[in-house]
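Enquirer: Quick one: this structure, given as structure tokens, is what I'll be asking you about.
Nothing in this text is a laboratory measurement; each read-out follows from the coordinates by a stated rule. Remember, predicted model here, so these are calculated numbers, not experimental data. Cβ placement follows ideal geometry from the backbone for every residue including glycine, while neighbour counts extend to all protein chains displayed.
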Amino acid sequence: MENFIKILSKINKYLCTILLITMVGYVFANTALRYFFDSGIIITEELVRYLFVWGIYLAVISVWFNRGHIRVTTITDRLTPRNKIKFSLIFEVVSIVVLLILAYGGMQYYFDTTTVGQVTGIPYRFLILAVALGAFICCLVSIGHIKQDLQMLKLDDRTLEKMQQEADKE
């Protein structure tokens, strides 16, 4: 199962890379056309906006998976390794609640909206789907983090301290 999750994580990173390259390509092409020919591609701005939103939420999933998000560690730096894990469990539970609210609100908006892009005609549902899907996948990742943290709590204090020292070296 972990190999499957790692494969999905790599696919997600490749998707983020492809989206970024596509956005840069569209913006560069549009800028060059406007500069040299005084006309651009009208659809570019709207497409890049859609790609940008999808790229953000795919990147959030990747960062969430690696626990790479920004944390204020003023309190947790003073905790023992076991209490840090307990604090992480609390954080993950609160995160799941907030993410589920975001996913629920996103899905409500998804089903209620009929607005489409002015140039592309792509429904805004496509944009909000990124929000709802990103929040839901982050919930699943948080459940995996809770499982990992609960397994870590089964270890003795000496092992946890040794793991903490190794993590601090990195």
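Enquirer: How large is the direction-averaged shadow of the alpha-carbon convex hull of the stretch 83-170, in nm²?
Expert: For the stretch 83-170, the mean projected area of the Cα convex hull comes to 7.8 nm².
Enquirer: Hey, another quick one. How would the stretch 125-170 be classified by its alpha-carbon gyration tensor: rounded, prolate or oblate, with rounded meaning a/c under 1.5 and the a/b versus b/c comparison settling the rest?
Expert: Because a/c hits 1.5 or more and a/b fails to exceed b/c, the stretch 125-170 counts as oblate.
Enquirer: Over the residues of the chain, compute the C-alpha Rg and express it relative to 2.2 N^0.38 Å.
Expert: 1.34
Enquirer: Continuing with the same structure: Rounded to the nearest 20 debye, what is the charge dipole size of the stretch 19-89 about its Cα centre when +1 sits on each Lys and Arg Cβ and -1 on each Asp and Glu Cβ?
Expert: 760 debye
Enquirer: Distance cut-off 24 Å, Cα to Cα: go down the list K13/K84; K10/K169; K86/K162; K10/K86; K84/K162; K84/K169 and report the pairs above it.
Expert: K13/K84; K10/K169; K10/K86
Enquirer: Suppose each label sits 7 Å from its Cα in the direction of the beta carbon; what would the V97-I56 distance come out to in nanometres?
Expert: Result for the modelled spin labels: 2.5 nm.
Enquirer: Enumerate the calculated ³J(HN,Hα) couplings along the stretch 93-108 in order (Karplus 6.51 cos²θ - 1.76 cosθ + 1.60, θ = phi - 60°), each rounded to whole Hz, writing x wherever the residue is Gly or Pro.
Expert: My calculation for the stretch 93-108 gives 5, 4, 4, 4, 4, 5, 5, 5, 5, 5, 5, 5, x, x, 5, 4 Hz in order.
Enquirer: Given the stretch 7-106 reduced to its alpha-carbon atoms as identical point scatterers, what log10 I(q)/I(0) does the Debye formula return at q = 0.11, 0.19, 0.21, 0.22 Å⁻¹?
Expert: -0.55, -1.00, -1.09, -1.13
Enquirer: Of the candidates K13, K154, K84, which one comes out as most mobile in a Gaussian network treatment of the chain with C-alpha springs shorter than 10 Å?
Expert: K154
Enquirer: In the stretch 24-170, with Lys and Arg counted as +1 and Asp and Glu as -1 at Cβ, which of these residues, V94, G121, L155, has the Cα nearest the positive end of the dipole, that is, farthest along it?
Expert: L155
Enquirer: Which far-off residues, 5 or more places away or on another chain, put their amide H under 5 Å from the one on V116, with H placed in the peptide plane?
Expert: Here the answer is Y124, since their amide H atoms fall under 5 Å of that of V116.
Enquirer: For a test of the definition: using alpha carbon positions, the gyration tensor, and the 1.5 limit on a/c, classify the stretch 1-60 as rounded, prolate or oblate.
Expert: prolate
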